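One structure below.
The values are calculated or read from the model by the stated rules, or taken from the named source; none is laboratory data. Keep in mind that this is a model prediction, so the values were computed, not measured. Virtual Cβ from ideal backbone geometry, glycine too; neighbours counted across all protein chains shown.
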Amino acid sequence: MSATQTVALVPELGEHRAEGDIERTRHEQSRYGTDPVGAVDHEDEHDEHDEDVDDPLPNETPPRDRSSRIPRHAFVLAALTRSIRLVRVGVLTGGGDCPGLNAVIRAIVRKGERVLGDDVVGFLDAWDGVMDRRTMPLTVESMRGSLPRGGTVLGTRRGSPLDHSDGVERVRSTIHDLGLDGIIVIGGNGSLTVAEILYREHGIPVLGVPKTIDNDIVGTDLTFGFNTAVQIATDAIDRLHTTAESHDRVMVVEVMGRNSGWIATHAGIAGGATVVLVPEHPFDIDQVCERLTRRHSRGRYASIVVVAEGAVPVEGSLPGGPDPEVDRFGHAQLGGIGHIVADEIGRRTGFETRPVLLGHVQRGGTPTAFDRVLSTRFGVAAIDAVHAGAWGSMVALRGSEIVTVPLAEAAGRSRPVDLALFTEVAEIFFA
Ligand code: F6P
């Protein structure tokens with residue numbers, strides 16, 4: 001096969017048919033393992049997916065003979081297809097990856113294809129895939145086995161059409177040429193803010209699904225991925241307790257969360273931390289050291305200090321670290337405050353102190369059962385919202401209900417940690 005390949009993009013789209021060429025590099029072909037023709041030609045989809053089909057989960061029944069064609073929409077109720085307009089919808093995952101992304105996609109596809117008779121098209125690498133028309137078919141078969149998988153089968157990137165002078169027009173023509181009703185954007189604060197601008201200023205039909213381990217999206221009580229990140233951090237803290245006790249040490253654990261202290265507060269409470277430092281409350285290093293010294297003077301020895309990556313010292317109380325590096329999308333790379341705090345605690349108290357940076361471990365691997373359920377509910381609600389024509393909205397958890405809220409509620413904002421949880425619960429356990 002040559003390094004690039006020219007294909008007809010959407011052979012079955014009638015008047016939306018695009019004879020335009022797309023190019024796909026050898027790297028992309030090996031990464032996604034799909035032939036671009038198959039990416040949009042459903043006639044061949046089953047054969048291609050067979051190569052990548054995983055073993056089903058124990059609770060999923062595999063097709064009896066995987067080499068045989070499963071009739072498309074075999075389970076669609078005839079009565080439903082008569083009364084519901086079928087849709088053709090795109091899906092992308094944007095921003096940092098997060099456990100539960102595949103579970104959302106799987107749920108969109110399951111309900112879309114099997115219940116509503118829809119076509120679901122996946123865009124590779126977030127908005128880049130929309131602008132460059134790089135797609136993969138999303139079907140129940142191709143998503144089989146993806147529920148417990150971390151990461152995203154679609155790939156993800158930062159950046160948006162708004163970064164390119166012709167970006168919005170490229171998105172618009174992709175939607176038109178592929179015959180899409182719109183695009184479901186599974187993303188965090190940045191992606192949802194871009195989605196809202198595309199909808200409000202350019203009339204692009206988008207629907208949001210809130211994702212991030214940081215849990216900092218306004219409009220939803222929870223984002224999927226957060227529960228998993230907290231569990232990973234808590235498991236790490238549990239392990240650090242025993243080594244800290246054995247060596248009579250202070251362990252300073254830095255967790256993610258950007259400018260919110262959700263992960264730090266929840267993991268700190270769940271892991272029995274001695275002190276938790278969050279971005280919403282600038283910390284006083286003298287006070288932190290006093291607390292540790294007091295605790296140790298009572299005969300306790302090991303201590304765990306949880307520091308959110310965005311935590312900041314009270315002005316003038318601690319030499320600040322270097323300014324964070326900013327990537328080409330303007331995204332500041334946080335991290336490093338844990339080392340500064342650990343050095344300072346060791347220097348001021350004389351206690352042997354070690355920093356531990358949990359980093360991207362918190363984003364990797366399988367989602368917890370809770371996140372699998374939340375992701376699945378979000379996915380089902382998203383395709384329902386598409387059918388309801390709720391473009392410009394985002395699915396959200398409010399209490400125990402899944403609802404839709406305007407994207408404008410979330411756009412350009414960040415949700416701080418629940419201060420009552422921090423001051424009335426977490427803080428009373430501080431040394
Ligand atoms: O937003 C999720 C998150 O993991 C943050 O907690 C963290 O600051 C950031 O992404 C890290 O981004 P990157 O993967 O680009 O280093």
- Task: Look through Arg149, Arg158 and report the one residue that is in a loop (DSSP other than H, G, I, E, B) and at pLDDT below 95.
- Result: Arg158
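Can you pull out the residues in region 326-366 that are near the ligand (Cβ under 10 Å from one of its atoms) and either surrounded by fewer than 13 Cβ atoms within 10 Å (Cβ to Cβ) or hydroxyl-bearing (Ser, Thr, Tyr) (or both)?
Within region 326-366, the first condition is being near the ligand (Cβ under 10 Å from one of its atoms), and the residues that meet it are 327, 329, 331-335, 359-360, 362-363.
Within region 326-366, Asp327, Phe329, Gln333, His360 qualify.
Suppose the filter is assigned by TED's automatic domain parsing to the domain that holds Gly203, within 16 Å of the ligand (Cβ to nearest atom) and not polar (S, T, N, Q); does Asp323 pass it?
Here the answer is no, as Asp323 does not meet what is asked.
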- Message: Regarding region 264-286, can at least one residue be identified that is in a helix (DSSP H, G or I), acidic (Asp, Glu) and surrounded by fewer than 19 Cβ atoms within 10 Å (Cβ to Cβ)?
- Response: yes
- Message: All but one of (1) touching a residue at least 24 places away in the same chain (Cβ under 8 Å); (2) under 27 Å from Thr293 (Cβ atoms) hold for Asp343; state the number of the condition that does not hold.
- Response: (1)
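Give me the residue from region 213-233 that is of a type outside the set (A, V, I, L, M) and touching a strand residue (DSSP E or B) at 6+ places or on another chain (Cβ under 8 Å) and, out of that set, surrounded by the fewest Cβ atoms within 10 Å (Cβ to Cβ).
For region 213-233, the residue satisfying everything is Asp221.
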- Selection from region 234-256 of residues crowded, with 24+ Cβ neighbours inside 10 Å and within 23 Å of Cys289 (Cβ to Cβ) yields Val250, Met251, Val252, Val253, Glu254, Val255
- Note on the structure: Those residues of region 85-130 which are within 16 Å of the ligand (Cβ to nearest atom) and without any contact (Cβ under 8 Å) to a residue 40 or more places away in the chain amount to Asp125, Asp128
- Query: Of these, Ser165, Ser191, which one is crowded, with 24+ Cβ neighbours inside 10 Å and not β-branched (Val, Ile, Thr)?
  - Reply: Ser191
- Message: Out of Ala396, Ala390, Ala382, I need the residue that is touching a strand residue (DSSP E or B) at 6+ places or on another chain (Cβ under 7 Å), modelled with pLDDT of 95 or more and assigned to a helix (DSSP H, G or I). Which one?
- Response: Ala382
- Task: Tell me, yes or no, whether region 298-315 has at least one residue that is over 24 Å from Leu421 (Cβ atoms), outside any helix (DSSP H, G or I) and in contact (Cβ under 8 Å) with a residue 60 or more places away in the chain.
- Result: yes
- Within region 238-263, how many residues turn out to be more than 16 Å from the ligand (Cβ to nearest atom) and part of a loop (DSSP other than H, G, I, E, B)? 2
- Restrict the check to region 178-185 and report whether at least one residue is within 16 Å of the ligand (Cβ to nearest atom) and in contact with a Cys (Cβ under 9 Å, 6 or more places away or on another chain). no
- Which condition number in (1) assigned by TED's automatic domain parsing to the domain that holds Ala390; (2) out of contact with any helix residue (DSSP H, G or I) (no Cβ under 6 Å at 6 or more places or on another chain) is the one that Glu245 fails? (1)
- When you look at Val209, is it touching a Phe, Trp or Tyr at 6+ places or on another chain (Cβ under 6 Å), over 27 Å from Arg354 (Cα atoms) and hydrophobic (A, V, I, L, M, F, W, C), yes or no? yes
